[in-house]
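Below: the structure, in structure tokens.
Nothing in this text is a laboratory measurement; each read-out follows from the coordinates by a stated rule. What you are looking at is a predicted structure, and each value in this text was computed from that prediction instead of being measured. Note that each Cβ is placed from the backbone with ideal geometry, even for glycine, and that neighbours are counted across all protein chains shown.
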Amino acid sequence: MPPRPGLDTRTVLMAAVEIADQQGVQAVTIASVAAALGVRSPSLYNHIRGLEELKALLALYALEQLYSSVREAVEGLAGKEGLDRFAHAYIRFARLHPGLYESAQLVPQGMNREEIELAKERVVDLVLQLLEPYGLPQEDALHAVRGLRSLIHGFAALEQLGGFGLPLSVEESLDFNLRVFLKGLAQ
């Protein structure tokens with residue numbers, strides 16, 4: 001069966017992105033993407049090899065979009081101001097694109113694995129650059145990257161799950177915890 005005119009891998013991916021952001025990454029299936037595109041499921045196999053490849057493409061796209069968002073936010077910055085802007089851009093991305101954010105956290109097996117790892121490394125390298133003014137030894141800097149990611153991801157995940165029920169400003173809580181983390185790095 002020849003590919004449907006106007007349907008290509010990018011179109012299939014963008015349909016998956018929309019489903020992920022509206023319904024969650026678990027709602028991305030071959031059937032749901034085909035339905036969103038108004039085609040039968042077998043038509044998608046002219047453009048992707050299956051759900052595993054689609055989820056890998058989704059994860060790669062998510063990481064590229066996340067990187068682009070945070071890189072733009074920290075352009076020309078480093079240290080406290082850069083890390084603060086990074087954290088806020090990261091949280092903003094998770095709020096605006098919950099399905100993409102979830103996809104960026106997944107580790108699809110097999111397809112596009114090397115590209116996904118490189119995309120993740122770009123984010124880590126960006127944070128390492130932001131940490132340079134702290135003069136941390138390489139290993140400590142990597143521990144700091146993990147700590148910052150844990151803080152930000154935990155915050156984003158709890159917020160998405162509605163876990164902040166106290167009558168306090170969520171933004172003030174984020175700022176407070178970032179200040180505490182960054183003061184610890186400065187010592």
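The table for this structure:
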| item | result |
| --- | --- |
| The chain, helix-only ellipticity at 222 nm - DSSP H runs n ≥ 4, -39,500 (n - 2.57), divided by all residues, nearest 500 | -24000 deg cm²/dmol |
| Table column - 3J(HN,Hα) (Hz), segment 171-178, Karplus curve with 6.51, -1.76, 1.60, x for Gly and Pro | 5, 5, 5, 4, 4, 4, 5, 5 |
| Förster-model FRET efficiency, 25 Å R0, Glu132 and Arg179, C-beta, rounded to 0.05 | 0.80 |
| Rounded FRET efficiency, nearest 0.05, which uses the C-beta distance separating Val107 from Gln26 and R0 of 22 Å | 0.90 |
| Whole-Hz ³J(HN,Hα) from phi, Karplus 6.51 cos²θ - 1.76 cosθ + 1.60, for segment 64-79, glycine and proline x | 5, 5, 4, 4, 4, 5, 6, 4, 4, 5, 10, 3, x, 10, 7, x |
| Size-normalised alpha-carbon gyration radius of the chain, reference 2.2 N^0.38 Å | 1.17 |
| In degrees, nearest ten, helix 113-131 long axis to first principal axis of the chain (Cα) | 20 |
| Residue-span extension gain [Leu96 to Leu168] - 0.36 nm each, minus C-alpha spacing | 23.8 nm |
| Placed amide H near Leu77: partners under 5 Å, 5+ positions off or other chain | none |
| Linear extension gain, Glu52 paired with Asp140, 0.36 nm per residue minus alpha-carbon span | 28.1 nm |
| Rounded to whole Hz, the Karplus (6.51, -1.76, 1.60) HN-Hα couplings of segment 6-14, x for glycine and proline | x, 9, 9, 4, 4, 4, 4, 4, 5 |
